[in-house]
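Please treat every number below as a calculation from the coordinates, not as lab data. The structure displayed is predicted, hence computed values, not measured ones. Backbone-built Cβ (ideal geometry, glycine too); neighbour counts: all protein chains shown.
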Amino acid sequence: MGATQWPASWLKGVLDLALLALISRGPTYGYELSQALADSGLGEIKGGTLYPALSRLETAGLVSTEWRAGDSGPGRKYYELTTPGRAELAERSQGWGGFAGAIAGVLSGARTAPEHSESRETS
């Protein structure tokens, strides 16, 4: 069985939060982030999605970047959380918990199969 492919709209909504959480573990670079996202069960996040998200986080001042020479190849751009990035991660994490709980509540009351009731109320 192949890797799970989540709807793009779901990933778009959580990618920034996931990246902030992964970067909070310590300085890291794009390919390593891509692998960590895949290993976490989010599936393959292509560079055309990953790098614009990282750029948005950098532009917003939530991550800082530093180019480092590669051991046996080209240099890499490393990402690290800034102080505002840590505050944003804390705020979004708390918000996500509430949102996930709200969705779980909605889903717990959802019907997963259509009802085939033949009886109807009559007045």
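Worth pointing out:
- Any hit, region 10-26, residues being touching a residue at least 60 places away in the same chain (Cβ under 8 Å) and not in a helix (DSSP H, G or I): yes
- Residue list for region 46-81, restricted to those being surrounded by fewer than 16 Cβ atoms within 10 Å (Cβ to Cβ), closer than 16 Å to GLY26 by Cβ and among the β-branched types (Val, Ile, Thr): THR65
- When the residues of region 1-42 are filtered to those that are more than 12 Å from the chain's Cα centre (by Cα), closer than 24 Å to LYS77 by Cα and not polar (S, T, N, Q), the one that is surrounded by the most Cβ atoms within 10 Å (Cβ to Cβ) is TYR29.
- Pairs, first without any contact (Cβ under 8 Å) to a residue 40 or more places away in the chain and closer than 19 Å to LEU33 by Cα in region 74-95, second hydrophobic (A, V, I, L, M, F, W, C) and surrounded by 12 or more Cβ atoms within 10 Å (Cβ to Cβ), C-beta under 9 Å, six or more apart: THR82/LEU62; THR82/VAL63
- Residue list for region 53-82, filter: small (Gly, Ala, Ser) and either in contact with a His (Cβ under 8 Å, 6 or more places away or on another chain) or closer than 19 Å to VAL14 by Cβ (or both): ALA53, SER55, ALA60
- Output for region 54-82, where each listed residue is in a helix (DSSP H, G or I) and either in contact with a Leu (Cβ under 7 Å, 6 or more places away or on another chain) or β-branched (Val, Ile, Thr) (or both): LEU54, LEU57, THR59
- Out of GLY85, GLY95, sole residue that is assigned to a helix (DSSP H, G or I), among the small types (Gly, Ala, Ser) and within 16 Å of LEU22 (Cβ to Cβ): GLY85
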